[in-house]
Amino acid sequence: MQTQVRIVNNAVNSSVSNSPAFIDASSNTAVNGSANIGKGLIFPRVDLSALASFPGVTSGIPNSFPTRFDGMIVYNTAASGVAGVGSTMGTLTPGFWYYENKSLSVNGGQWKPIGGNTLGIPSGSATTGSVIAVNGQLTVAQQITAQLSADFSIPTAITPQMIGNLNREILDNENKYTDSATDNSFEASVNGVYEITINVQLSTEYGSYPVLGLWDGTTGKWAVWVNDTFSAPTGGLQTYTLVCSADLVASDTYSFRIANNSAGTILVSQSSGTTGSGPVSQVSVKRIR
């Protein structure tokens, strides 16, 4: 009995011995010159989200699935969701997927896309953003970037006040950010480490101590903040910059805030000078781990 089989167009030759290929689907000499005949391999189509189970490792013929389907290739038709058996890298999209399984269980592997959209990212807003590796898998990081659309003023305040007019949205790829002329807030999509960047130009009284940062409204505490002596004279401008990282919790609500217990403060939206003007105050949050 031969263990290698050669399949040609309209014929099956089971007498090919000592071949490293167990199936040879190359065409025969009669049609090699044809542009249309015997040129493709059609895979069975399967909705991976509906594939609910694999047979046991020794189901039917003993040791019939010794590799536990490791390396199995399918053409998936599902355009969303995850596979019904095993785990899934990202979200299902139509195309070729393979099952990588190094575990001791037929259900312990992971479906991964072959080429194309290797992240399995669903269409929509979340496709815009930086790609990061988390626990060995690639994902699009949640990112929020917003600028002041107009100057925003607060009176003397000990309690941190939400910054309004942070409503020129540059990016909000998880649709978690809300804003208005008086406030702003967002939620982290998952627990993780996020990079927070704040660059704001302020105008206040000389010698005051503005505090600026990211406020955790759930705990009632600063998540990250910066405070400094305002060294510019009254009516002058000084830039506050904060670049740091912090653990953010998906169940908490965060907002960009400012407090100054010795003077009112104006947050300036545009720089201006003899060479022109442009945005000068911006905040950003991006997941990095």
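Looking at the structure I just gave you, is VAL243 aliphatic (A, V, I, L, M), farther than 30 Å from ALA133 by Cα and touching a strand residue (DSSP E or B) at 6+ places or on another chain (Cβ under 8 Å)? So VAL243 does not fit the description; no.
With respect to THR139, determine if the residue is modelled with pLDDT under 90, over 22 Å from ALA50 (Cα atoms) and surrounded by fewer than 17 Cβ atoms within 10 Å (Cβ to Cβ). Taking the combined requirement at face value, the residue does not satisfy it.
Looking for whichever is surrounded by fewer than 17 Cβ atoms within 10 Å (Cβ to Cβ), modelled with pLDDT under 90, in contact with a strand residue (DSSP E or B) (Cβ under 6 Å, 6 or more places away or on another chain) and not hydrophobic (A, V, I, L, M, F, W, C) here; the options are GLY124, GLY116. Which one fits?
Of GLY124, GLY116, the one residue that is surrounded by fewer than 17 Cβ atoms within 10 Å (Cβ to Cβ), modelled with pLDDT under 90, in contact with a strand residue (DSSP E or B) (Cβ under 6 Å, 6 or more places away or on another chain) and not hydrophobic (A, V, I, L, M, F, W, C) is GLY116.
Given the options GLY276, GLY264, GLY217, GLY236, name the one that is on the phi > 0 side of the Ramachandran plot and assigned by TED's automatic domain parsing to the domain that holds ASP151.
GLY276
Residues considered: VAL249, VAL224, VAL243, VAL211. Of these, the only one that is in the same structural domain as ASP151 (by TED's automatic domain parsing), modelled with pLDDT of 95 or more and touching a Ser or Thr at 6+ places or on another chain (Cβ under 6 Å) is VAL243.
The values are calculated or read from the model by the stated rules, or taken from the named source; none is laboratory data. In this text the structure is predicted, and so the values were computed from the model without any measurement. Here Cβ is always computed from backbone atoms with ideal geometry, including for glycine, and neighbour counts include all displayed protein chains.
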